[in-house]
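The values are calculated or read from the model by the stated rules, or taken from the named source; none is laboratory data. Predicted, not measured: the structure shown is a model, and the values here were computed from it. Cβ atoms come from the backbone with ideal geometry, glycine included; neighbour counts cover every protein chain shown. Just the protein is used for accessible areas: all its heavy atoms, side chains included, with ligands, DNA and RNA removed. Shrake-Rupley method; radii C 1.70, N 1.55, O 1.52, S 1.80 Å.
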Amino acid sequence: MDIKELLNRYAAGERNFQGIILPKADLQGVNLGGVDFGRSDLQGANLAKASMNGANLCQANLQGANLEHANLSEVIFSGANLCEATLTTANLNESDLSGAYLCGADLREASLHMALMSAANLQRVNLSDAKMSGVRMWKADLRESDLSGADLSEANLSEVNLTGANLNATDMSEAFLTGTIMPDGTIHK
């Protein structure tokens, strides 16, 4: 299936495209709200400014994809590969990123209000100035990540690994930190 066929079938009302293989596809600015791309290969795809709210991208391969300025609210990314993906200023409010692989991803100024990121791999992720109030990150791995200027107010960071993370000017007011490994290696009680 090529991009034109995908967009025509979507326009005709089809939403199930599980397992589709479209690496490096140029889908910039498209509206694919509610689409089912579960277990799909979209490695290196350009989805900048795309609107995919409510989509299923569970276990999809989005490694190196460009999702800059994309509307990804309420998207299911559980178990997805987003390593090295660009998600700057993306709207990920209330999305499910549990168990997702985001190592090396760029989420500067992204909006992750009330997102679920438990057990996600966020090593070396740039989350500077991200809006993450109320995010649920239980047991997430944030080693060596940049959280400078991020809003983590009221976040659940229980048992999160923050070893080597940059927390300069990070708002952690009213955050849950039980069992969290702090940047210096100490465990918060």
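Probe of 1.4 angstrom, ligands and nucleic acids ignored: what's the accessible area per residue over segment 39-111, in square angstrom? Provide the component values of the computation, followed by the final result.
Numbers: 2480 Å² over 73 residues.
For segment 39-111, the per-residue accessible area is 34 Å².
Provide the gained length on full extension for the span residue 173 to residue 31, in nm with one decimal, where the gain is 0.36 nm per separating residue minus the Cα-Cα distance. Show your work: numbers first, answer last.
Details: separation 142, 0.36 × 142 = 51.12 nm, distance 3.63 nm.
Extending this stretch completely gives an extra 47.5 nm.
Give me the extension gain from residue 188 to residue 14: residue separation times 0.36 nm, minus the current Cα-Cα distance, reported in nm with one decimal. Don't skip to the end; give the middle numbers.
Working: separation 174, 0.36 × 174 = 62.64 nm, distance 4.87 nm.
Result for the pair: 57.8 nm of gain on full extension.
Taking the Cα centre of segment 1-82 as origin, sum charge times position over the Cβ atoms of Lys and Arg (+1) and Asp and Glu (-1), and report the length of that vector in debye to the nearest 20.
Working: 6 positive and 8 negative charges, 2 e Å.
It works out to roughly 20 debye.
Carbon and sulfur atoms: what percent of the 1.4 Å accessible area of segment 43-149 do they account for?
Values: 1510 of 3720 Å².
Heavy-atom surface of segment 43-149 belonging to carbon and sulfur, 1.4 Å probe: 41 percent.
Remind me, relative contact order of the chain in percent, using alpha carbon pairs under 8 angstrom and six or more residues apart? Could you put the intermediate results ahead of the total?
Details: 682 pairs, mean separation 19.8, N = 189.
Dividing the mean separation by the residue count of the chain yields 10 percent.
Treating only the Cβ of Lys, Arg, Asp and Glu as charged (+1, +1, -1, -1), what charge dipole size does segment 67-189 show about its Cα centre? Round to the nearest 20 debye.
Numbers: 7 positive and 17 negative charges, 61 e Å.
So the magnitude is around 300 debye.
Taking K and R as +1 and D and E as -1, what net charge do the other residues with C-beta under 11 Å from the C-beta of residue 61 add up to?
Working: positive: 39; negative: 41.
That sum, taken over residues with Cβ under 11 Å, equals 0.
Can you return the lysines within cross-link range of residue 4? Criterion is Cα-Cα under 29 Å, with same-chain partners fewer than 8 residues away left out.
Hits, sequence-local ones excluded: 24, 49.
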